[in-house]
Amino acid sequence: MEKEEKIYLASPHMGGEEMKYIQEAFDTNWIAPLGKNVNQFEKEMADYVGVKTGAALSAGTAALHLGLKALGVAEGDVVFCSSLTFSASANPIIYLGAKPVFIDSEPETWNMSPIALEKAYDKYPHPKAVIIVDLYGQAADYEKLSALCKAHHTPILEDAAEALGATYQGQKCGTFGDLSVLSFNGNKIITTSGGGMLLSNDEALIQKARFWSTQSRENERHYEHKELGYNYRMSNIVAGIGRGQLKVLDGRVTKKKQIFEAYQEAFKD
């Protein structure tokens with residue numbers, strides 16, 4: 001009997017330049033968290049997406065957690081969240097003791113429905129934040145959703161974990177939230193094996209997230225902590241993988257489009 005071969009839904013693919021950055025980390029002995037790769041990966045990714053700055057973290061979930069915290073979400077607050085998504089979009093709401101209210105999808109994008117969001121505001125007029133997910137690389141309808149959130153003075157945390165490289169009206173996903181989240185898990189368009197990033201044009205919020213992600217250690221020679229912190233920073237080796245992967249991202253986006261067009265043609269009838 002012939003051995004069965006599996007066709008994986010979303011397996012990681014190396015681009016060829018990852019080892020250069022990993023080797024540099026080993027050669028300089030910067031294998032622990034932080035180092036040149038982390039700093040450069042943050043800069044290169046922020047430049048690619050089109051925002052001012054980012055914080056490289058251990059997972060997209062960590063980025064969602066710190067993003068909500070940076071927006072002031074606390075115990076008892078209401079947070080709107082897309083209903084059709086992976087649980088990681090919603091779990092950090094619970095981490096902070098807040099209440100998730102799930103907003104249903106619209107058929108055009110499968111993402112958050114502007115009509116459902118408007119109805120949710122009737123019942124919960126003062127949510128602390130809205131988590132809008134860009135599912136399967138498809139941007140949500142930000143023209144309508146952003147206008148609603150702005151009218152109600154609600155900040156957006158964009159979960160663009162699955163949408164790196166995608167655009168909406170010429171603008172890249174990861175730029176529509178007051179804070180936005182990327183994931184580099186093994187099933188994403190580019191991977192660092194694990195990891196994520198929090199992005200924003202608000203440099204103070206990102207700086208605060210970096211502080212929390214390194215156990216909220218104060219800038220003292222001794223260990224001093226005045227706030228609750230987390231061990232969420234991306235390692236220098238993992239960031240090196242990301243720098244190599246970023247170089248092939250545009251090619252991956254092109255390939256994804258070709259695959260989509262092949263399916264569209266094959267199943268047109």
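The values are calculated or read from the model by the stated rules, or taken from the named source; none is laboratory data. The shown structure was predicted, so the numbers you read here are calculated from the model rather than taken from an experiment. Cβ sites come from the backbone with ideal geometry, for glycine too, and all protein chains shown count toward neighbours.
Can you tell me which residue among 25, 32, 74, 62 is within 18 Å of the chain's Cα centre (by Cα) and among the hydrophobic types (A, V, I, L, M, F, W, C)? Matching residue, one of 25, 32, 74, 62: 62.
When residue 35 is tested against (1) at positive phi; (2) without any contact (Cβ under 8 Å) to a residue 24 or more places away in the chain, exactly one condition is not met: (2).
Counting only helices (runs of 4 or more DSSP H) wholly contained in the range 1-100, the ones carrying 3 or more residues that are in contact with a Pro (Cβ under 9 Å, 6 or more places away or on another chain) and surrounded by 20 or more Cβ atoms within 10 Å (Cβ to Cβ) occupy 60-70.
Go through (1) crowded, with 20+ Cβ neighbours inside 10 Å; (2) touching a residue at least 40 places away in the same chain (Cβ under 8 Å) one by one and return the number of the condition residue 137 breaks. Evaluating residue 137 over (1) crowded, with 20+ Cβ neighbours inside 10 Å; (2) touching a residue at least 40 places away in the same chain (Cβ under 8 Å) leaves (1) as the failure. Comparison of 200, 213 shows that the only residue that is in contact with a helix residue (DSSP H, G or I) (Cβ under 6 Å, 6 or more places away or on another chain) and at pLDDT 95 or above is 200. On inspection, residue 131 passes the criterion of being surrounded by 16 or more Cβ atoms within 10 Å (Cβ to Cβ) and outside any loop (DSSP other than H, G, I, E, B). Here residue 103 does not qualify as of a type outside the set (D, E, K, R), in contact (Cβ under 8 Å) with a residue 40 or more places away in the chain and either under 17 Å from residue 181 (Cα atoms) or buried (at least 17 other Cβ atoms within 10 Å of the Cβ) (or both). Residues of the range 214-260 that are hydroxyl-bearing (Ser, Thr, Tyr) and more than 22 Å from residue 162 (Cβ to Cβ): 214, 216, 223, 230, 235. With the structure loaded, tell me whether residue 269 is in a loop (DSSP other than H, G, I, E, B) and more than 23 Å from residue 35 (Cβ to Cβ) or whether it fails that test. Judged against the criteria, residue 269 is a match. Restricting attention to the range 150-197, the residues that are modelled with pLDDT of 95 or more and under 14 Å from the mean Cα position of the chain (by Cα) add up to 27. Scoring residue 220 on the criteria (1) under 19 Å from the mean Cα position of the chain (by Cα); (2) surrounded by fewer than 22 Cβ atoms within 10 Å (Cβ to Cβ) leaves a single failure, condition (1). Condition first: charged (D, E, K, R) and more than 18 Å from residue 86 (Cα to Cα). Can you find one or more residues in the range 163-178 that meet it? Checked against the condition, which is being charged (D, E, K, R) and more than 18 Å from residue 86 (Cα to Cα), the range 163-178 yields at least one hit.
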